[in-house]
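Student: Can you read through this structure? Questions will come right after.
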Amino acid sequence: MITPPQTPWTVPADGSFRLEQARCAPPDEAPGGKAARKALKKQVKRLDDLQRRLYADDRHSVLMIFQAMDAAGKDSTIRAVFSGVNPAAFQVTSFKKPSANELDQDFLWRTTRALPQRGRIGVFNRSYYEEVLVVRVHPEYLGAQKLPPDAVPGDLDELWTQRYRSIVEHERHLARNGTVVLKFWLNVSRGEQKRRFLRRLDVPEKNWKFNAGDVAERNHWPAYMAAYEDALRHTSKPWAPWFAIPADDKPLMRLTVARIVVETLESMGLRYPEVGDAERARFDEMRRLLENE
Ligand code: ATP
Ligand code: MG
């Protein structure tokens, strides 16, 4: 199991996380946009090298989960941070409203099918955390989940607690079996979200991103924040830490995520598999065969 990087953004595993401690704006000492972009390039290169080792080593997989309010920048962060990785050993899966088929399964099924194999990096753009976020804000969604009556406690708080437990145990199981799990909450402020929505209306190339439903969802902002706080507090664990990333400044957000990913992979001591003496002896024979072809 990994030791999660201790950063100002690491959500403590002792349940002490409070929303007030999480910031949306960049800290004063943060690099400006230009410096952040330059620093990101360096991280992207390091990640390329680390991914090669991860793939060659073929013992661990890496799962990164991204959760955020709309327009926080999940897509662009994924694009920027992983722009240098080999697409053959990388996958992104986006989870939208569950299909009828998915609703006929337990809530960890659809993501489990999308987990990365050993040697690979997998990204979840939204995840089973929606089950304690959007579903908590809209408990009426539970109706479509076809749960037997005794699986839905009268006190819904009990249901969220049970789901946290399922999630924590699931991630622990993954970690024990070689999956490194990192979770990022891109913490955008309500004011910045408004600015970004307005830009989607103003800029023709961004019009397609505009979704009237997202504007309606803003009305539930306090309920979402409460759900995020509770979820992060209960599910940030040493084997699957959460990071609450300030998201109002995009270049800094991307750099912060990239640094955490790189630092984690570096701490894994990934090496190319070594060749033993017996095998090396065969190399000479193979070289001779090839040269005499
Ligand atoms: P973008 O808007 O950048 O394309 P997105 O992730 O917001 O990306 P959308 O299709 O806009 O994609 O939204 C997906 C919606 O599906 C979100 O509102 C999310 O809350 C919802 N969703 C995801 N998982 C679940 C779930 N398990 N139950 C109910 N709703 C879910
Ligand atoms: Mg959306």
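Student: Just in region 87-141: which trypsin sites (Lys or Arg not before Pro) are loop by DSSP and have at most 10 other Cβ atoms within 10 Å? Don't jump to the answer; show the numbers that get you there.
Tutor: Working: sites: Lys96, Arg110, Arg113, Arg118, Arg120, Arg126, Arg136; in loops: Lys96, Arg113, Arg118, Arg120, Arg126.
Listed in order of number, the matching sites are Lys96, Arg113.
Student: In the chain, which whole DSSP H runs stretch at least 15 Å along their own axis (Cα) and average -1.0 or higher on the Kyte-Doolittle scale?
Tutor: Values: long enough: 33-57 (35 Å, -1.20); 156-176 (30 Å, -1.13); 190-202 (18 Å, -2.07); 221-235 (21 Å, -0.51); 250-267 (26 Å, 0.47); 277-291 (21 Å, -1.31).
Flagged H segments are 221-235, 250-267.
Student: Let me spell out the model: positive unit charges on the Cβ of Lys and Arg, negative unit charges on the Cβ of Asp and Glu, origin at the Cα centre of the chain. What dipole size does that give, in debye rounded to 20?
Tutor: On the way: 47 positive and 40 negative charges, 214 e Å.
My answer is approximately 1020 debye.
Student: Among the aspartates and glutamates, which have Cα under 17 Å from the Cα of Lys194 when same-chain residues fewer than 8 positions away are ignored?
Tutor: Output for Lys194: Asp70, Asp202, Asp214, Glu217, Asp248, Asp249.
Student: Using a basic spin-label model with each label point 7 Å from the Cα along Cα→Cβ, how many nm lie between His170 and Leu201?
Tutor: 3.7
Student: Using the Cα centre as the reference, give the magnitude of the dipole from point charges on the C-beta atoms of region 1-131 (Lys, Arg: +1; Asp, Glu: -1; all else neutral), rounded to the nearest 20 debye. Walk me through the numbers on the way to the answer.
Tutor: Numbers: 21 positive and 15 negative charges, 151 e Å.
Charge dipole, region 1-131, about its Cα centre: 720 debye, nearest 20.
Student: Any of Lys74/Lys206; Lys97/Lys250; Lys34/Lys237; Lys41/Lys74 with alpha carbons more than 22 Å apart? Name them for me.
Tutor: Working: Lys74/Lys206 16 Å; Lys97/Lys250 26 Å; Lys34/Lys237 34 Å; Lys41/Lys74 18 Å.
Pairs exceeding the cut-off: Lys97/Lys250; Lys34/Lys237.
Student: Could you work out how far the C-alpha centroid of region 225-293 sits from that of region 166-183, in angstrom?
Tutor: 15
Student: Mind listing the Cα extents of region 19-291 along all three principal axes, in Å, largest one first?
Tutor: Over region 19-291, Cα extents along the principal axes are 72, 51, 35 Å.
Student: Right, here's the next one. Springs between alpha-carbon atoms under 10 Å, Gaussian network over the chain: tell me which of Glu229, Glu140, Glu266 tops the mean-square fluctuations.
Tutor: Glu140
Student: Now for a different question. For region 87-152 and region 7-33, what is the separation of their C-alpha centers, rounded to whole Å?
Tutor: 27
Student: Ignoring everything except DSSP H segments at least 4 long, calculate the 222 nm mean residue ellipticity for the chain; use -39,500 (n - 2.57) per segment, divide by total residues, nearest 500. Intermediate results must be reported in sequence, preceding the final value.
Tutor: Numbers: 11 runs with 133 residues, N = 293.
Using -39500 (n - 2.57) per qualifying helix, the result is -14000 deg cm²/dmol.
Student: While we're on this one: For a distance above 26 Å, tell me the whole-number percent of Cα pairs in region 39-179 that qualify. Let's see the in-between values first.
Tutor: Values: 3275 of 9870 pairs.
The calculated P(r) of region 39-179 puts 33 percent of pairs beyond 26 Å.
Student: Take Ser99, Ser61, Ser267 and order them by how many other Cβ atoms sit within 10 Å, fewest up front. Each step should come with its number before you reach the end.
Tutor: Details: Ser99 9, Ser61 21, Ser267 13.
If I rank by nearby Cβ atoms, fewest first, I get Ser99, Ser267, Ser61.
Any read-out appearing in this document is the output of simple, stated calculations on the displayed coordinates, not a laboratory observation. Note that the structure is predicted; figures quoted are calculated from it, not measured. Please note: Cβ atoms are built from the backbone with ideal geometry, for glycine as well, and neighbour counts cover all protein chains shown.
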